[in-house]
Structure formats: structure tokens, C-alpha cells
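First comes the structure, then the notes that go with it.
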Amino acid sequence: MKESNYAKRRKKLLQQMSDGVGVVAAARLQTRSNDTEYPYRQASNFYYLSGFTEDNAALVFVRRKKERRVLLFVQPKNEAMELWTGVRLGVEAAKARFDVDEVHSIEAFDTVVKELLKDQDNLYYDLFDDDPLYARTRELCRGLLHDRSCKRSPRTFADIAQIVQGMRLVKEQEEIALIRKALAITKEAHHRAMALAEPGMMEYALQAEFEYTFKKHGAYSDAYTTIVAGGNHANTLHYISNDDTLKAGELVLIDAGSEYGLYASDITRTFPVGGSFTKAQRELYEMVLEVQLKVIDAIRPGITKTALQEQSERWLTEGMLRLGILKGEVDALMEAKAHKRYFPHGIGHWLGLDVHDPCPYADGKGDDTVFAPGMVLTVEPGIYIRADDKKAPKKYRGIGIRIEDDILVTKKGCENLSLGIAKTVEEIEAACRGGV
Ligand code: GLY
Ligand code: MN
Ligand code: MN
């Protein structure tokens, strides 16, 4: 992505702040155990504003009357450390690469930021992130309470994450291109899984095929832990142990998406382990698919997620009545929220740098976010009927189905970014035969 995109975002952030100092920290390396660490993944808000993928860094925003300044703090060059963990950009190269007003060593953070905080009223940082850099910045404010060299210091703390996440709601062309790339890789992986799955295979073996395909194409890996849920495991929404055997006659639900250039994809497909749907599986699958297509069709500028949720609940309720899973009258069942037994989750969520992109679903007054071109969300209706559910028709027990696509809101309606991943019964059965 062009460097200037990040600079534009920083400018926009400064416009949305009041006078004060804002701090956005890079992600920390996370310990896995003892002295080994998880693979590093940059914090989404920091990345959105910088495009920088090193740890031990921070952006600082200063706004004071007409003054607007952006400072970047990076870890300094250190030959001994670089021998072990790789080349660091360092302060001098960062000055050349980033269009910011100043670059400093992260080691100078306290000294530099303390001066910036003097005679300011507001400090913006991520209020709900426990990164030690934020605690340190608050400590700097505390120290200034008794510092005679300034008359005032920040006593009003505001959430900078909320501003950045608001900016992240409408995606730019470059961001959509990265989601498309992530989806192209994800598509290949899902088709590969459909072709490879067979009775007797372990769920984790299929998971490994996803990771292989993702990494082979330069994706970071998965955007969230892959779910490979054979049979009744599909009724555990976040089943990630993936340690059972796939069985003939059962379905397997796979929820997996690659992360490419830090952008997520999020796709669920449910298909027969042996390659052919049984009659009961097909009935349930086609009902969920019909609802998914209708929800996608309803997406356009002006609609809200609440409206989509209500609509999908109604359509699923009608579908379950048709199949004899629920009994009664639609309005009464809706009133009683009867669908929740079989469709307990949301119809979708924002997608972007995070799989559950933390962009606002409502404005400051509590009014729903109204869809506009450039927003990206998932549509993922599901029906989950546990094997021990005595109320549901016997033929449906032990079946869990979810169908999930990633949708871009456009001027005229929407575009299914994941179009082309086998989804109808015929397409899936063909993909299971290796035919796509
Ligand atoms: N993969 C998580 C979700 O579908 O929300
Ligand atoms: Mn999802
Ligand atoms: Mn998903």
C-alpha cells in the first residue's frame, strides 16, 4: 500500500482529536512459554496508521491550537540483537521511510512524551488495552501533577481506538484488494479440503492442508484458528480442538480464512465427508443456503445489521417450520425467540484487519450504523441441531451447518467477494470429486 495512505489516515485522526496528545502502541511480542514467542502480528490500529510491522514501536499525535505533529518511536539498531531476531529498521531509515514529523528511539519515549504532555488537557490512548506503554504514559501524566515546570497536564483520558476503529469502517480500494487476495487463497484451500476429505481422516489433517495452502501463497497464516468440525462437533460453535476422525455419512463444517497483508478473510463451508449429501443433510443445507442468499440480496446502502439480523431470524424460523424443526406460528415463534435454540449467533460482523473488525455497529447516540459503500461484512447463517436434541426430528439430529461469505457494500447494492467458492449442493459435490 502507498505510504501516503497511512499519512492521510494519520492526518484524519488528528482532525478527529481535540487538542491533546494521542498514543497508539505497536503490539508486543507474546511469550508462548519460557523464552519462546508466538509469531509476531502487528496491532491492527497501529498498522492501519503506519504500515509498520516491527514491535517495540509507537505513534504519538500532538494537537495544540494550530500545531499538528506526528512522532514515530522505533526500536534502535542493535547489531547483537539483530543477529538473533533479524534486521531492525532503526531511527535513521525510519526517517527516510515514514512521512512523519519526527522519529525517535523508543528508548526516548518517556523523555520526549513527558514534554509533549505539559500544558495539555487531554490524553488519547487505547483505554481498554493493557499494553504497558499506555500505563507508562498515564504515569507520565501523574508525574506532571506535581511538576512545577507546567501549569496543567492531561486529566481527561479518551479512547483513541474508538476513533481509529471508526475510520476503519469504510475500506479503501487498497484494503479491499488485500481482502480479495486473502479470499483467493482461502478459496483454493476450501476447494482443496473438499477434494481431500475422506472417511477416516483426522480433522487436524484437514486443518494442516489449510495452513499449507495459506502459507504457500504468502499469507501470514490463518486469520483465526481454523475450525474443522466433523458431524456433531459442528454444533460447538468455536470447536478448535480438531482432533476427531471424519466419518462417512457425516458432514464436516470448516470455518477457515487466510490473513493476507494483515487483512482477514472468513469463510465457512459445510460439506459431506463422503462427497454426497444425504436427503436430510441436503434439506437442511438448502434451507440455510436459501436464507444466506436472501440476506446477501438484501444488503445495500441504507440497511442496518439489526435489520439483517431480524430478517434472517424470520427466514430461518420459516425454514425450520417448513422442515418440522419448530412448530407453531411464525410471529409467536419470533416473539419467543424460538430460533435461538438452533441459530444462537449473529448473522455477521465487520471484516477487515481483524476477522471481527471492531468497527462501530452504532453511533454515539446508539443509532445503528447505516450501511454505506466500502463497508465489508460477513453473512453467516447457521442451523445447529445437537445429536442429543430430543425435540428436533430424528433425521436432523447431529447436523450443524453454517455457510459464510464476505460481502462488500457497493453503491448499487453489494458484491460477494467470495463468489466462486463452491456453495450449492451441486458445486460442493463436484468440488468433493475434485472437480473445481
Ligand atoms: N470465524 C469466526 C466467525 O465466523 O465469526
Ligand atoms: Mn465470521
Ligand atoms: Mn467464520
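The values are calculated or read from the model by the stated rules, or taken from the named source; none is laboratory data. These numbers were taken from a predicted model, which means no experiment stands behind them. Positions of Cβ are generated from backbone atoms using ideal geometry, with glycine treated the same way; all protein chains shown enter the neighbour counts.
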Check on G86, surrounded by 15 or more Cβ atoms within 10 Å (Cβ to Cβ) and either of a type outside the set (S, T, Y) or at positive phi (or both): no
Report whether or not G382 is more than 18 Å from the chain's Cα centre (by Cα), among the small types (G, A, S) and over 21 Å from E250 (Cα atoms). no
Just to be sure I understand the filter: pairs with C-beta atoms under 7 Å, separated by 6 or more residues or on different chains, first member in segment 409-429 and within 18 Å of V376 (Cα to Cα) and modelled with pLDDT of 95 or more, second member among the charged types (D, E, K, R) and assigned to a loop (DSSP other than H, G, I, E, B). Which pairs pass? G413/R300; C414/R300
From the list D388, D357, D367, D331, which residue is among the acidic types (D, E) and within 16 Å of ligand 1 (Cβ to nearest atom)? D357
For segment 252-273, indicate whether the set of residues that are without any contact (Cβ under 8 Å) to a residue 40 or more places away in the chain and closer than 25 Å to A229 by Cβ is non-empty. no
Scan (1) away from ligand 3 (no atom under 16 Å from the Cβ); (2) surrounded by 21 or more Cβ atoms within 10 Å (Cβ to Cβ) for the single condition G348 breaks and write down its number. (1)
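Out of the residues in segment 31-64 that are of a type in the set (V, I, T) and over 30 Å from K118 (Cβ atoms), which is surrounded by the fewest Cβ atoms within 10 Å (Cβ to Cβ)? Reasoning before the result, please.
Initial filter on segment 31-64 (of a type in the set (V, I, T)): 31, 36, 53, 60, 62.
Now drop any that are not over 30 Å from K118 (Cβ atoms), which leaves 31, 36, 53.
Details: T31: 10, T36: 7, T53: 15.
Among those residues, the one meeting the criterion is T36.
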How many residues, within segment 143-178, are within 30 Å of V376 (Cα to Cα) and surrounded by 12 or more Cβ atoms within 10 Å (Cβ to Cβ)? 20
Residue among Q311, Q281, Q207 that is of a type in the set (S, T, N, Q) and in contact with a Pro (Cβ under 9 Å, 6 or more places away or on another chain): Q281
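Please list, ordered by residue number, the helices (runs of 4 or more DSSP H) wholly in segment 16-122 having 1 or more residues that are farther than 29 Å from P358 by Cβ and small (G, A, S).
Here the list reads 79-85, 90-97.
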Looking across segment 267-323 at residues that are among the aliphatic types (A, V, I, L, M) and within 16 Å of ligand 2 (Cβ to nearest atom), the single one that is surrounded by the fewest Cβ atoms within 10 Å (Cβ to Cβ) is I296
Please find, within segment 273-291, the residue that is modelled with the lowest pLDDT out of those that are touching a Gly at 6+ places or on another chain (Cβ under 8 Å) and more than 16 Å from ligand 3 (Cβ to nearest atom). G274
Can you tell me which condition L326 does not meet? The list is (1) within 14 Å of ligand 2 (Cβ to nearest atom); (2) crowded, with 16+ Cβ neighbours inside 10 Å; (3) part of a loop (DSSP other than H, G, I, E, B), and all the others hold. (1)
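Test of understanding: among V355, V295, which residue is of a type in the set (A, V, I, L, M, F, W, C), within 16 Å of ligand 3 (Cβ to nearest atom), part of a loop (DSSP other than H, G, I, E, B) and modelled with pLDDT of 95 or more?
Of V355, V295, the one residue that is of a type in the set (A, V, I, L, M, F, W, C), within 16 Å of ligand 3 (Cβ to nearest atom), part of a loop (DSSP other than H, G, I, E, B) and modelled with pLDDT of 95 or more is V355.
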I need the full set of residues from segment 216-258 which are within 12 Å of ligand 1 (Cβ to nearest atom) and among the aromatic types (F, W, Y), in order please. Y224, Y239
So which pairs qualify, if the first residue must be in segment 384-404 and within 17 Å of E283 (Cα to Cα), the second must be part of a helix (DSSP H, G or I) and acidic (D, E), the Cβ gap must be under 9 Å, and the two must be at least 6 apart or on different chains? K395/E283; Y396/E283
Being crowded, with 20+ Cβ neighbours inside 10 Å and away from ligand 2 (no atom under 16 Å from the Cβ): is that true of A332 here? no
Report yes if G230 is touching a helix residue (DSSP H, G or I) at 6+ places or on another chain (Cβ under 6 Å), of a type in the set (G, A, S), more than 27 Å from D363 (Cα to Cα) and in contact (Cβ under 8 Å) with a residue 12 or more places away in the chain, otherwise no. yes
Of all residues being part of a loop (DSSP other than H, G, I, E, B) and closer than 12 Å to K305 by Cα in segment 370-401, which is nearest to ligand 2 (Cβ to nearest atom)? Just the residue, please. M375
